[in-house]
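Only one structure is covered here, and it is reproduced in the block below.
The values are calculated or read from the model by the stated rules, or taken from the named source; none is laboratory data. Just so it is clear, the model here is predicted, and its values are computed rather than measured. When we count neighbours, we look across all protein chains shown, and the Cβ atoms used for this are built from the backbone with ideal geometry, even at glycine. Note: areas computed on protein heavy atoms with side chains; ligands, DNA, RNA excluded. Shrake-Rupley method; radii C 1.70, N 1.55, O 1.52, S 1.80 Å.
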Amino acid sequence: MNNIMLTQREAEILIAMKKMFVATQNPVVLNESFDEKFVLISENKQEHFILDVKQGRIDLSKLRYQNRYEETIPLVRFDSTGIHENPDGTKINGAHIHIYREGYADKFAVQASDFLDSRNLLDVLKKFCDYCNIEQKRFAYQSINSSAKGGKRKWKIYLLKIILIGLEKMF
């Protein structure tokens, strides 16, 4: 954990600040079980941020979107699943959002059911980017299962050919 602390006012200013993607790739294609980091910069080019986007490898409904300042300071983080316990002992079950709080960094979270009114992970990402004032980027999602169907079929045909060649050599 970092030792840099922001005041609440500084954190609010950074969260509200317009952020733009440094890379110009459009659309950004997220593959199933993605774990990506995108470099962001403020409109005045003075402040640097990171947008982390992650999907669980086993539980594909598990999403984590995070906006960090200067690499190490988490400003806002969305978690789609899990149980979170705040420092004051209150518990949150399910989707929750961590918002920087002076003295606690990202240790406090609040319920975030409004982020999950859609099961579409790209809609949730768009809402997160809106909340963090991150410029809109076209994101696309590619499911390994749907994109690999043709590839699986090709591998099966290829393996069948190898087996047949092996059988021909035996007889």
What number goes with the only condition from (1) part of a loop (DSSP other than H, G, I, E, B); (2) modelled with pLDDT under 95 that Lys152 does not pass?
(1)
Qualifying residue in segment 74-91 (condition: at pLDDT below 90, assigned to a loop (DSSP other than H, G, I, E, B) and touching a strand residue (DSSP E or B) at 6+ places or on another chain (Cβ under 7 Å))
no
Scanning segment 64-73 residue by residue, the ones that are within 14 Å of the chain's Cα centre (by Cα), modelled with pLDDT under 95 and open to solvent by 30 Å² or more (accessible area, probe 1.4 Å) total 1
Does Val110 satisfy the criteria of being under 24 Å from Met5 (Cβ atoms), at pLDDT 90 or above and open to solvent by less than 10 Å² (accessible area, probe 1.4 Å)?
no
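Can you tell me which residue in segment 41-63 is nearest to the chain's Cα centre (by Cα), limited to those that are part of a strand (DSSP E or B) and closer than 18 Å to Val124 by Cβ? Walk me through how you get there before you give the answer.
Of the residues in segment 41-63, the ones part of a strand (DSSP E or B) are 41-42, 48-55, 63.
Checking which are closer than 18 Å to Val124 by Cβ leaves us with 51-55, 63.
On the way: Leu51: 8, Asp52: 5, Val53: 2, Lys54: 4, Gln55: 6, Leu63: 6 Å.
Here the residue is Val53.
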Flag if Lys127 is of a type in the set (D, E, K, R) and without any contact (Cβ under 8 Å) to a residue 12 or more places away in the chain
no
Give me a count of the residues in segment 44-63 that are out of contact with any strand residue (DSSP E or B) (no Cβ under 8 Å at 6 or more places or on another chain) and modelled with pLDDT of 90 or more.
3
